[in-house]
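Everything below concerns the one structure shown next.
What follows is calculated from the coordinates using simple rules that are stated; it is not laboratory data. All values reported here derive from a predicted model rather than from experimental measurement. Neighbour counts are summed over all protein chains in view; Cβ atoms, including those assigned to glycine, are modelled from backbone coordinates with ideal geometry.
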Amino acid sequence: DCKARLDVYDRLNNTPLHRACLEDSFHHVLELIDYCSEQILNHRGYEGKTALHVAVLNQNRRIIRLLLTRGSFVDVPASNGKTAIDLIMGANNVVLMSDLAHFYTDQMSAAVTATSFKELLDAPQFLQYLGFLDAVDNEFQVCSVPYIDLGEEEEKQLLKKVVKDENMDLIEFKEILMKLLQTEVFHVLCDEQNDSLLRRMAANVVRYVLFREDAVMLKKLVACGLVWNRIEVLIENKLEALYLHTPDRGFAGMLTHFYRHFASEHKVQWGHLARHYGQRCSAFGMQADRGGLNQDVAFLRHPMHTLVIWSILAGRSKLTEILLQRERFDVLPMSLFCAALLRTFKDNPSVNVDPDSLEEKALACEKFAVNIAETVFEVDTSYDKCVTTDFLLYPLPTYGNVSCMDLAAKNSSALFLQSPPCQIALEKKWYGTLYDANAIIREIIIWLGVIPLNPIIPWYLMRQERILKIMDERHRSPTKKSSCDSAESQDCSFLLTDSPSAKDAIVAETDPDESVDADGENSKGANESASKEDKKKQDSSGEQQHPADGVKKSPSTAGAGAVARQECFLYRWALHLYDFYHIPAVKFRYHATSHVIMVLLMSYILLYNWEYSIDMIECIMYSIVFGYLIEEIGEFVSIVREENVRNFFASKWNIIDIGAVLCAMISFSIRLTRLDYVMDTKEEHFWMDFDDTVWYIARVFLSVSCLLYWVRLLYISTVMETLGPKLKMIARMTSKDMIPFLFILFIFIFGFGVLIHALLFPNGFKAYNPEQMSSIDVVLAMFKICFYSMVGDYSLDTIMGDDSCDAIYENKTFNSNGCPHNTGRYLVPYFVLPLYVIVTEILLLNLIIALFSKTVDEIDSNSKALWQFERNDLIEEFRGRTSLPPPLNVIPLATRLLLHVVRRLCPTALLRFQRAAQFNQKLILQFLLFQAVSLRNQRQHMMEQCCGLADDQSEQLCQRIQDIVETELLKSKKSNEHQPSSSAKPSSTKPRTDAEAGEKEGTIDAISASIMNAEPQKKRRDSQLSAVSQEPEQKD
């Protein structure tokens, strides 16, 4: 009121607001904040710290919230380069990070309430929010290249040469670019959107960096985020021309493959390109463009319209890692998509690329995604870290409406699936709304669902929903406001226990009825000395109150809550019941129970009750089989409509299901021909069991179906971590080892079988037996002798004959016995059969045992990842199944058909009851914030960790150079010992001079490049090193 100035600084360059924050006095900050301009709020005082820096160092949540509400910037660096976000990250204060996340998401949600990605991306406030995230993840806004003063005249000459010289060669471009990146005037011109300069620079970057796949030069260029951002935008705006004009310089035929399939008439077929690689990477719904989303927003960019994907499709994969780490908001799904895309070329015969190098690049992209997910998971301050895990399951429209989990699970990204956030996401995907329930209670609730329309289930789910909301509110405000938060308690008067006034002050300060506004203002009077005008100002300020502080809601909020409470209870009850029966874990248990019942009934019928007449047990069994037939047809139609036929038959379980259902249906069709038969006597029963060939064929088909359904029961073990990998071992040993082994074994069986049978029974005749053996008898006899010999039954009676054979050989009389040839009876058992036993039992059987052991070791070392893949496939399978098991699955299928018919006849009839897809705006905003905070100044370090092999090669190169230098120094020292008159100084400098004279400038360039690859963040180049590194580049 006395108009005191707030822009007066003390000797430490601090403002009165700084002093109030240093004293940790919320009351004085509250008095000053209304009169502080934006300049005073963000003034850099002592050590370059703003008032927000001081509040963060004191960890005063109320002052921090108040400063943020009034416009304090979180990206202002202090003298040491650290911003307020860096201090929060360094303090590892989860509460402050949670406050920061909720503050910005609440501010954004108050301005925009989107119901879809399109509405969110069209909102101008969202563009401002992304700009704030750019300031947080500031690698795109800073230049790490040190400035030098070249002189005004030299800078003008360089800029003029860039703009007007169209015949600039490679050496000139490298020299000019490195000098310009170190000048301030170049950054100013780029910041002013100088089109002619930027376009000329972008053209030279494409020509000399991207086309030449110069990863070293690209690293130097992207080190200046200010320049590279604008160049990248210009290049991506002409991405189609970039594809069509990229020269094919023998890059493994990648561009030839691209031109042959995706380019025609000087145009890129974006639709065909997106569909082809979308299907190959399991993003089946990928469209040609962003599908109506705002093209000017850098979030949810179409992957095919980025330089990262261009580097892969154009065969410039050395640039992929550098470009990928510069991806702004879609870096997580983009990394997984790049890994999937690189793996698709491993099996492409038209591309001549080393599969190991492709897998190495794909693994680097996958590791980068793992590092991002785990880092965001650590920074995530939401309740139970649900923001990270829920985002991994959230469908992304530009990636064909598949989630990050789907991209990883369907493209062999084992490392990503094994990460902790992905495992939690799989659990959520499996249990749905029952994820947070106790394990025992969860099982009880699931089996209570067997009772139709059980009211306990929706009651429990609604109760669980209320508990989660309460826990989330408590998590947002984990600690009750203590006396240490108030300004008056900073004198530590609570230590004076004998002072009644101090006790009264403590009681007054810890009054539970006291509450604080979103900007930290007391709503019930924080200080008795505050004037009535201040209280009126606080009451009339109209600031939105923070729900975590326990403030009473405004009338509008209360009215909205009243409207929400008026929602029909029965409708909510029905929705919770619907959600319960669509949980994959619930479906799995019910379907597994139905499957066990069907297999037991089928086994009982085959063993005891397979008759002409159909009883109730057989009707139940066939109804379940018919339900499984409908389930398979529905799954086949769904996969063919969304994916392709090959994906359906890629699953071995689907093949088993089809075989089991077909065998059961064939058996049922055959048994229908015997319904009119009557069995009244025992003779008729025996005729049915032993003489009716058609009936026996039906029994065979039903027995095969029963066997396949018993094998299909193994899928229950997929959900268990201990048995799931064992099932994978069996499948891998069958497909990889046993089938090739059986091929080799049958070759030996039939080869030795022909030899043995030809020696024992020439032309199919037994000794002096006029009846010739049939072809079937010959084949069966061959197989019987050779196959059963492997298990110890050598058929010696058949091979050597009985005692009557000697008389037959001697008298040469015709007979009906089965005596072998007289010479063969000695040749086969003593020479041929031992050789056969040695080959099969000693060689081949030990070979298959060794192969099985190797397969078991390979799978056991990676069992967890394989189990995660199998488990994800199981979850996806049961997400698509009907809510009720066979035979009750006819009910939901009939309901779907009825609703489909009603929608076709009257499209607006069911709009009232249609459940709209819920768009979680808060989840998207919070994840983007956590991602920006976690990636702050960490992108390059994360990518270096992923490229371990390149780092090892760089370290090996540096070590070799060090060894050579030490060897030369040692030789020089020994040579100097023989020259006592020479001084130490020439001896120490001579080897270095010889080395410099002997080594060419290209070697120095390679060394500097390897050092930059090994430690790009530890040491920055100064002007002298820059000058030295440019000399070899000019002479290259």
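Before moving on, here are some points about what is shown:
- For V402, the residues whose modelled amide H falls within less than 5 Å of its own, excluding neighbours fewer than 5 places apart on the same chain, are L396.
- Too-long pairs where the Cα-Cα distance tops 28 Å, listed order kept, from K410/K469; K118/K385; K367/K429; K318/K410; K429/K652; K428/K469: K410/K469
- The alpha carbons of the stretch 584-719 give a radius of gyration and a Dmax of 16.8, 56 Å, in that order.
- Using θ = phi - 60° and Karplus 6.51 cos²θ - 1.76 cosθ + 1.60, couplings along the stretch 886-902 (whole Hz; Gly, Pro as x): x, x, 6, 5, 5, 5, x, 5, 5, 5, 4, 5, 5, 5, 5, 5, 5
- Contour minus Cα-Cα distance for S717 and I451 (0.36 nm per residue): 93.2 nm
- Virtual paramagnetic centre 7 Å along Cα→Cβ of L742, amide N under 12 Å, in the stretch 669-707: none
- Fewest-first ordering of F831, F368, F117, F919 by other beta carbons within 10 Å of each residue's beta carbon gives F831, F919, F117, F368.
- Phi angles of the stretch 666-673 translate, via the Karplus equation with coefficients 6.51, -1.76, 1.60 and θ = phi - 60°, into HN-Hα couplings of 5, 4, 5, 5, 5, 5, 5, 6 Hz per residue; Gly and Pro are given as x.
- Cα-Cα separations in the stretch 262-400 greater than 22 Å, expressed as whole percent: 41 percent
- Take each peptide in 572-579, 24-31, count the other Cβ atoms within 10 Å of every residue, and average; sorted highest first, the result is 24-31, 572-579.
- Relative contact order, whole percent, for the stretch 729-874 stands at 30, derived from Cα pairs under 8 Å and 6 or more residues apart.
- Label-zone membership for the stretch 421-449, site I467, 7 angstrom Cα→C-beta point, backbone N under 15 Å: 433-446
- Here the contact order of the stretch 1-92, divided by its residue count and restricted to Cα pairs under 8 Å and six or more residues apart, works out to 25 percent.
- Alpha-carbon gyration tensor eigenvalues x 5, square-rooted, for the stretch 280-331, Å: 20, 15, 9
- Of W270, W867, the sequence from fewest to most neighbouring Cβ atoms within 10 angstrom is W270, W867.
- Residue order, fewest to most beta carbons within 10 Å, for E327, E152: E152, E327
- Between H245 and V791, full extension at 0.36 nm per residue minus the direct alpha carbon distance yields a gain of 189.8 nm.
- Compactness of the stretch 1-92 is given as radius of gyration and Dmax, 12.2, 42 Å, from Cα positions.
- Three-way shape call for the stretch 75-158 based on the alpha-carbon gyration tensor, with the a/c threshold at 1.5: oblate
- Along principal axes, Cα extents of the stretch 729-874, largest first, whole Å: 73, 27, 20
- Once the Cα-Cα distance is subtracted from the 0.36 nm per residue extended length, the F831 to R572 segment shows a gain of 85.0 nm.
- Neighbour-limited loop hits for GluC sites (Glu not before Pro), the stretch 216-318 (at most 14 other Cβ within 10 Å; DSSP other than H, G, I, E, B): E265
- 3J(HN,Hα) along the stretch 605-612, derived from phi through the Karplus expression 6.51 cos²θ - 1.76 cosθ + 1.60 where θ = phi - 60°, amounts to 5, 5, 7, 10, 9, 8, 10, 5 Hz, with x in place of Gly and Pro.
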